[in-house]
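Here's the structure we're looking at; comments come further down.
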Amino acid sequence: MPKKIEIINENNVLMVIGELDYSNAITLFENSLSEIDKLSQLKFDLSKLKTCNSVGLALILEWVKVAKKNNKPIQFQAIPSQLQTISQAAGIESLIPRS
């Protein structure tokens with residue numbers, strides 16, 4: 001059974017809520033695109049992300065690509081420690097804009 005994950009726009013901040021894994025990452029990304037289209041700048045809050053794995057890092061990088069493609073500033077806040085550890089180990093920590 002897929003884990004529950006959602007993205008909601010709360011005062012122009014995209015809140016990612018739930019448990020992220022390989023079973024729901026593509027759906028989350030697809031659902032985020034309509035919200036991204038509505039905003040002139042992107043701010044993601046990951047503080048309500050209960051669990052995630054390396055797919056979370058791939059998702060963040062996809063959002064960064066979408067932002068660059070659409071010339072929108074992007075920031076991430078409250079990045080879970082496991083994603084920070086993975087990004088440091090992969091040497092790509094500098095690719096993730098933080099607020």
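Coordinate-derived values only; no laboratory data. Remember, predicted model here, so these are calculated numbers, not experimental data. Ideal geometry is used to build each Cβ from the backbone, glycine not excepted, and the neighbour counts take in all protein chains shown.
A few comments on the model shown:
- For ASN24, neighbours were defined as the other residues whose beta-carbon sits under 13 Å from its Cβ, and their charges (Lys and Arg +1, Asp and Glu -1) total -1.
- Estimated [θ] at 222 nm from DSSP helical runs (n ≥ 4, -39500 (n - 2.57)) normalised by residues in the chain, nearest 500: -13000 deg cm²/dmol
- Considering only LEU57, LEU33, LEU49, the Gaussian network model of the chain with Cα springs below 10 Å gives its largest mean-square fluctuation to LEU33.
- Which of ILE17, SER54, ILE7, positive extreme of dipole for the range 1-84 (C-beta unit charges): SER54
- Centre separation in Å (Cα based) which lies between the range 11-53 and the range 56-99: 12
- Computed over the chain: relative contact order in percent, which uses C-alpha pairs under 8 Å that are six or more apart: 26
- Using the Cβ of LEU49 as centre and a radius below 12 Å, the other residues enclosed give a net charge of 0, where K and R count +1 and D and E count -1.
- Environment charge at SER40 (Cβ cut-off 15 Å; Lys +1, Arg +1, Asp -1, Glu -1): +3
- Karplus (6.51, -1.76, 1.60) ³J(HN,Hα), θ = phi - 60°, over the range 27-34, in Hz, Gly and Pro reported as x: 4, 4, 4, 4, 5, 6, 4, 5
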